[in-house]
Each structure stands twice: as C-alpha cells, then as structure tokens.
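Here is the structure we will look at.
The values are calculated or read from the model by the stated rules, or taken from the named source; none is laboratory data. As the structure is a computational prediction, the values presented were derived from the model and not from experiment. With ideal geometry, Cβ positions are generated from the backbone for all residues, glycine too; neighbour counts draw on all protein chains shown.
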Amino acid sequence: MEGPYSSVENLEDLQYDELQEHENEKCGCEIRCGYIQTKRYTFKYFESLNNPKGALLFFSIASFLQGAVVSGLYNINVSTLEKRFALRSSETGFLSSAYEIAGCLALPVFSYIGGSGHKPTWIGSGIFIMGLGSLIFSLPHFLASTYSIEGVTAIDCATQPTCGNLSMRVYRGYFIVGQMLMGIGSTPLYTLALSYLDENVEQVHSSTYHGIFYASSLLGPGIGYIVGGYLLTHFTTLEDPVGVSPESSSWIGNWWLGFLVVGILYFILCIPIFLFPERMPGSDKVRVDRENEMHQHNDALRIKNDSNFGKSLKDIPKSLLSLLKNSTLMLISFANALDSGMIIGIATFGPKYIESMFNISASTAAFYFGVLAITTASSAHVISGCLISKLKLSVKQMLRMSVVCAITAFACLFIFLYRCDNTDVAGVTVPYPGELSVECKQTECGCSTQLYRPVCGYDNLTYLSHCDAGCTVVDTKNFTNCTKMRNISKVTETSPDLNMFTAQVGPCQHNTCDKFNISLVFMGLAVFFTFMKGQTTLQSSIRIVPFSQRTITLGVQWLIIRLVGSTPMPIIYGKVLDISCIMWGVVCGECGSCHIYDNHTMSTYISLLNLSLKGVNICLLIAVYFSYNPPTENQSYLLMDNEEINEPERTIHMNQILNPVI
C-alpha cells in the first residue's frame, strides 16, 4: 500500500514527530471543536504546575468540593430540607438518585468522546457545570417566601393550624435540576481525571495518585458534615430568632449558604484546569508496557494489537462488547456497585439514623458522622494506595486483599443490629399518663399530627406539642397548667395547683443508650474496610484491559455502579426509613415528613439491607478472583488463535502511546 504510512520507518518518523509535539506542549488556553482549532496561548507562570503533581492538586481540590457538596452538605441537610419543604425521605432519596441518573446519561459522552479529546478541557467544563448546579440548588432560599417561626402564643389549640407553606413543595424542581447538573459535571472528574493521572505517571505510582485523589473526595463529605452541622446552628435567614434554639422542632438551620459558596469556588477552580495540556511532558516514557497483567480473551488481545482501533466512532460497539465479555471486569463492576449503593445510602441517611437511634440533635449527629468519614474513608484510600505502590501488588494479590477487606467489613456491619429503646413520647410510643393504651390520630399517612412542636414535661415525658400536653398558659419557652401530664380526676383538693405541671420547649434529651461510642467504632471500621478495597478493585479494573480502553473501562464501570448501586439504593434506604416511621407530619391533608421513627424496626431493616448487599458483594469478589486469567509468558505477543503479530514490539508500544485512553 503506497502512501506516507507504507513502511514501519515512515510510521515511526510520524509518531516521533507527534510525540515531540506533545512533549513540548505547554500549559495554556486553546479552542478545539471539530475542525476548529486556535493557537495555544501559554501561561509561563503556571508552567511549574505542568506535571502530574500539579494535576493531582487541582483534581483533588475539585473532588474535595464535590464530596463536600454532594455527600456532605446535602446529606446533613436532608432533615432540614424535609422540614422546610415538606418532603418525605423517599423524595430526598430520589434527589440523590437524580444526581446518579444524570451522571449515567452523561457517561457515554464523557468516557468515549471526551476520552479521545483534550481531557483537561472536558474536566474543566464538568467543574463549571457542577458550579452551576450548586448555585441552582441554593436558589429556593432566595425565591421562596421568608421563613419565620410562628410564636407558640399565636397557636390556638382549639383550631386547626393554617396550611402555611404547603406551596414550598414546588421548589423540589430546583433541587432536582441542581442535583442533575452536579451529576453531569462530576462524570469527567471520576473518569477522565483518573485516566489522565494514570496516563502521566508510572503504573507503580498510579495507585498512590488515585488513593490521594479518592481520599480528597472522601475528606470532602467529612468536612461537609462538620461545616454543614455548624451552619445548621445558625438560622436560615442568618438572623437568629429570639427565644428559639436549634433544638426546637420549628428551627430551620442555614442549609443554603454552603451550596452558594462552593458554587462560586467551582467557577474559580475550573480556570487552572482548562490550562493543562492534552499530554504532559515525559508521558511517553510511562505509557510503555502497561498491559502485562491484562485479562486474556480474544477481543482484548485483538484490540491491544490493532494500532487503528479507537480512531473511529464505528469502534464503539466493538469496544463495549469487548468490555462486556470481560467477565472479571463485569464481576468487579457489579461488586463495586453494591458497595457504592450501600455507602451512598448510609451517607445520605446515616446522620438521621444516629439522630433517631441515640436521641441527639441533628447538628451533633452531623459532627460525629463527619468525624467518622474523615478518619475512616479518606485514610483507607491513602493507606491502600500506598500499600499497592510500596508492595508492588499484582492483580491476584489485590483481589485477595479485596476479599479479606470485604469479609472484615461484613462482620463489622452487625453493629447495626444493636438498637436503643424508643424515646418516650406520649400518645406515640407510650400512653398518656392515666391511660392504658397508645392512641394516635390515624390518617391515610398512618399515625400523624398536624402540629409537631414537642415539649418536655416535668414527668420527663415528651409530648407532641403543648396542646397535646394540655397546657393553657404559655410564656415563650415555658408552659404551665399542663393538665394531660396526669389524670385530672386524680388531682385532689390537697394538691389542686396545676402550676406544678410544667413543660419546656423541645423534646426530652435523656438517653438510656450506653453503646453510642462502641457503635461509632464498629461503624467506622465497616466504612474503613469497605473503602480499603476501593483502590484494589480500581487498579485491578484498569490493569486487566488494553491500555487504549482504560478510560472507557472507567466509564462503563461507573455506568454499572450508578445504574445498579448509586441510583436505586438511596431510594431504597429512604423507603426503609419511611417504613420505620411511626409519626408523620400532615400539611393541609397531605403527608409530609416523618417526625418519629421506631428504632427497633429501623435497626432491623437497615441491618438486613446492609448485610445482604455486603454478602452478595463478597460472593462476587470471590468469583472475580477465580475468573481472572492472567497472561502467560508468551501470551503478550500472540493472539488467542495462535496468529503471530507481524509488527515489531517497538512499533506496538509506539501505537499504544499515540492512541491513548479512548
């Protein structure tokens, strides 16, 4: 065949010229869109960061902010959003799923088309989109009517409460759009950014870079919980009302400020990421010999040795089919999907679980959960990444490590079977004083109330409101003359003074549960060992496929994780919590958010769900270990049908360099 590529020598000359072009590429700005390509305007002051460590720095900041918003600020504000906008747990669970659904739709575009283009440009665009989504998520605060606490003195117990802010539910649309934009924008960060780092560092150091990247993303939720918990101690209008504390059920904390600030930070962060070159200086040296542990099957070997594969969109079906035929990769992907679904479910409703189970405030639960995330999940990724690099673990060794970590996490999850007794609430969990049975108002929602402003009586019993306690004299935070605190017929002439029957705003905070600390320790260990296997499965996934398929592999894997795990699991966990609800709020005849959960039911269902997901995860990881077929000494250069490769090994490696991750 005549032409400029008619000989291996001419091909090598062309490859060398292209390598030199990438080798000399500086940090700067250019436009590439189809056949349009502008000159690259360089920024010399940014050149000192034109290396893998510089890319890791900015990518880690982006993943930190993403984790802080999606898994931190949002999760800690679930209870607040439910109260402010009359949402149910299944609806807030759907908001988490909307993030994943949008990510699924964006994955094919980013993983294949974006993977073959200028990755930093796609990553920067995604970060810009996340910033837009974060700002939209905060908009309901500015668009909705100002929230004000109706004074208890204004409540007439003889009449039904007004409908008030039922119309607040219409702002769900802003939350859904915001979550979807953040889901779309995060997609290139967890596919293209990972492959960009992998392409520009030696394989032995790839796990360390990925470990730091993921640790940053997991450090974000921890900081998000702590900062979000602090913001919740401030009133939503930033002007704290007089006479009402954060412990009051009427309190709405500052849920929106964090989203607003992070949205602005996203816009600033995307600028330096746009400046990174398509390929970093010296990257050609680290891209050679990266397929020595590839899972052996016919399609993968043919793709590996086809220098033209991936240059056309027509190759997409073949590329996807090859990955779907890779049994080891598919088993890893489904195992990770179950783990991801469980972690997202726990992250979304974990603070609410701790709040209800141990009878503590939302801000306190957020603090403990944030510390738990910081000390376990983030450290697990760094430790596992460094272990893989230092010990130079093979794929087989990493798979064994995954199984051990999963079994250990499974054992720790039994801590969810430990449960605390329900808080004593008159008319809900215990009878009113002087009555023999528990009776509550039944609606289509179940046991429900239209007025939930709990008070703590002198008898150390929580009442749904001062009206339920029979209080007729109200003074801001203190109530007297509460006739329902004991059987009024038993008030004798020797003690006719009902002023002794007092109450204070807020539920009783007594807690007879003495296993709070040990529960947190085992929850932390379960999270730690779950994330310890995160790096082992990630490194195994990219090593068992052809080098040219690493980005699309991450895309396919994330698609499976989101479809099977991240998307449905928050909804399922939300449904489990809804099933455990024993006291619903009702607003103008419509079911609102849950006020009180049954700890025993919640513990049982959450435990069954966690243990089932982790049990299947272990079975899949064991199957992964036995399905993996590593190459033998001669398989690296032979097709499965024993057809020898005619091109020299040197040319094959050059082709792999010039055809990076799809």
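Quick check, is Glu47 in contact with a strand residue (DSSP E or B) (Cβ under 8 Å, 6 or more places away or on another chain) and part of a helix (DSSP H, G or I)? If you could, list the steps in order and put the result at the bottom.
Numbers: in contact with a strand residue (DSSP E or B) (Cβ under 8 Å, 6 or more places away or on another chain): no; part of a helix (DSSP H, G or I): yes.
Spelling it out, it is not the case that Glu47 is in contact with a strand residue (DSSP E or B) (Cβ under 8 Å, 6 or more places away or on another chain) and part of a helix (DSSP H, G or I).
Scanning the stretch 404-428 for residues being part of a helix (DSSP H, G or I) and buried (at least 19 other Cβ atoms within 10 Å of the Cβ) gives a total of 8. The C-beta contact set for the stretch 434-451 (first residue loosely packed, with under 12 Cβ neighbours inside 10 Å, second residue at pLDDT 75 or above and in a loop (DSSP other than H, G, I, E, B), distance under 6 angstrom, 6+ apart or interchain) comprises Ser437/Pro431. Every condition in (1) of a type in the set (S, T, N, Q); (2) surrounded by fewer than 18 Cβ atoms within 10 Å (Cβ to Cβ); (3) closer than 26 Å to His234 by Cβ; (4) at pLDDT 80 or above holds for Ser145 except the one numbered (4).
Every condition in (1) surrounded by fewer than 24 Cβ atoms within 10 Å (Cβ to Cβ); (2) in a helix (DSSP H, G or I) holds for Ala366 except the one numbered (1). Evaluation of Gly115 against the conditions (1) modelled with pLDDT under 75; (2) over 16 Å from the mean Cα position of the chain (by Cα); (3) within 30 Å of Ser363 (Cβ to Cβ) shows that the sole unmet condition is (3).
Kindly establish whether Ile571 is assigned to a helix (DSSP H, G or I) and not assigned by TED's automatic domain parsing to the domain that holds Gln450. Please lay out each step first, then the result.
Numbers: assigned to a helix (DSSP H, G or I): yes; not assigned by TED's automatic domain parsing to the domain that holds Gln450: yes.
In short, yes.
Here the strands (runs of 3 or more DSSP E) wholly within the stretch 445-486 that include at least 1 residues being in contact with a strand residue (DSSP E or B) (Cβ under 8 Å, 6 or more places away or on another chain) and modelled with pLDDT of 80 or more are 446-449, 455-457, 478-480. Here is a list of conditions, (1) at negative phi; (2) part of a loop (DSSP other than H, G, I, E, B), and Gly434 meets all of them except one; can you say which number that is? Among (1) at negative phi; (2) part of a loop (DSSP other than H, G, I, E, B), Gly434 violates only (1). Taken over the stretch 377-386, the criterion of being buried (at least 19 other Cβ atoms within 10 Å of the Cβ) and modelled with pLDDT of 85 or more is satisfied by Ala380, Ser384. Per the listing Val204, Val244, Val227, the residue uniquely under 20 Å from the mean Cα position of the chain (by Cα), on the phi < 0 side of the Ramachandran plot and among the hydrophobic types (A, V, I, L, M, F, W, C) is Val227. Screening Gly211 against (1) modelled with pLDDT under 70; (2) within 24 Å of the chain's Cα centre (by Cα); (3) of a type outside the set (Asp, Glu) leaves a single unmet condition, (1).
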